[in-house]
Structures are given as structure tokens and as C-alpha cells.
Amino acid sequence: MGFFEKQLQTSTLYEGIIVNVRRDVALLQNGSEVQREVVEHPGGVGIVPVTKDNEVLMVRQFRYPMGEELLEIPAGKLGVGEDPFECAVRELSEETGCTAERFVDLGAIYPSPGYCKETLFLYLALDLQHGEIHLDEDELLSVEAVGIDRLMEMIMKNEIKDAKTVIGIMKAAKVLIGLRPYMWW
């Protein structure tokens, strides 16, 4: 017997540039009706680009909602109907100037499924070719190459708090152990 909730009513509370917010009435399996607020987001991608020197290209940028500068994996928002892999290729190029010969699909995650309808698709990018960064007009960031061991330490010390980055780095580390066991830990 799986759990489910059935949407009975929906109303849009806010339509924004990046997100929409709606309030629903849902029917539970036990017959109760409950209100649910949902943030609708188009989804996005996160990329873990690993250099030939076994460092991860990270981006440092200010995140307004959190009020602080964060170190994150390169990432970006999906366009309407955009294929996640194509978005990953685009964002890697825009934010790091790199292209990759190989990509490994690290799967999809739901960053906060209790209230947000967002799916992020994660990729590991290998065999990088470096080029020129070409950021969007409203993006200000710097690129830093950081070793995977150092990133794992930063995650465990809570110095990296961004969910997609934590999950992306940990998944990539696991994959890399299998690809190149002599290079990791």
C-alpha cells in the first residue's frame, strides 16, 4: 500500500521570475483534507568538473537569500523544455569556460521536497578542455580548483552547506574511487 495525496484544489499565490507559489487542498488516504504550499521551480543542473590534476572546479558567489558567499559546484537553471544534459554542457562552459569529453550521470535529487517542486540533475565532468568563461550578465563569480580530499573535509566541517554541492561531491567521489582507485583516498 503506497502513500499518496490527491490534489483537490489549487490556486496560484505568486508568479515570479524564477519561482511560482501555489496553495493546494489535498485529500489524504484517511479522508482528511489538508493545505499544501508548493514552490514551483523549473529545476536545474549541477556539475562536478574534475581536472587532470584531480581538482574540482568550484565557483564562489554571493547567495542573496542566505546573505553569504558560498563555494559551490557549477550549476544553473533549466530553460523551459531544456534537456538537463544540454543544460549541464551549457552551464559548465558559461561558469568555468570548460568543455568535457566525458560526463557521468550522477542522478537526480529533490533539494527540499516538503514544499518545493524542484529537481536537480547532477553530472560528473571529466577530461576537461579549458576555454573562456562567458557568464550571464547578472552573474558574478570566481572559479577555484580544490582537491576532492579538501572538499570532503570542508563538507564534514560544515564549511560547505549547499545541498547540491554536498551531494554532488560525495557522489562524484564514490564514482571516482571506482574509476581511478589509485588517485582517491
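The values are calculated or read from the model by the stated rules, or taken from the named source; none is laboratory data. Just so we're clear, the structure is a prediction, and the values are computed from it rather than from any experiment. Don't worry about glycine lacking a Cβ; one is built from the backbone with ideal geometry, like all the others, and counts go over all protein chains shown.
Inspection of segment 9-23 identifies no residue that is out of contact with any Cys (no Cβ under 9 Å at 6 or more places or on another chain) and closer than 17 Å to Ile160 by Cα. Residues in segment 122-140 that are at pLDDT 95 or above and surrounded by 15 or more Cβ atoms within 10 Å (Cβ to Cβ): Leu122, Tyr123, Leu124, Ala125, Leu126, Leu128. Among the residues of segment 45-58, which ones are at pLDDT 95 or above and either buried (at least 22 other Cβ atoms within 10 Å of the Cβ) or polar (S, T, N, Q) (or both)? Selection gives Val45, Gly46, Ile47, Val48, Pro49, Val50, Thr51, Val56, Leu57, Met58.
Please determine, by comparing only the residues of segment 1-54 that are among the small types (Gly, Ala, Ser), within 22 Å of the chain's Cα centre (by Cα) and assigned to a strand (DSSP E or B), which one is farthest from Val143 (Cα to Cα). By that ranking, first place goes to Gly44.
Against the criterion of being of a type in the set (Ser, Thr, Tyr) and in contact (Cβ under 8 Å) with a residue 24 or more places away in the chain, Tyr115 qualifies. If only residues of segment 64-97 that are touching a residue at least 40 places away in the same chain (Cβ under 8 Å) and among the charged types (D, E, K, R) are counted, the one that is nearest to Ile148 (Cα to Cα) is Glu72. Checked across segment 168-183, the condition of being surrounded by 15 or more Cβ atoms within 10 Å (Cβ to Cβ), more than 14 Å from Leu57 (Cβ to Cβ), modelled with pLDDT of 95 or more and among the charged types (D, E, K, R) holds for at least one residue.
With a requirement of 1 or more residues that are of a type in the set (Gly, Ala, Ser) and closer than 20 Å to Gly43 by Cβ, the strands (runs of 3 or more DSSP E) lying completely within segment 55-100 that satisfy it span 75-77.
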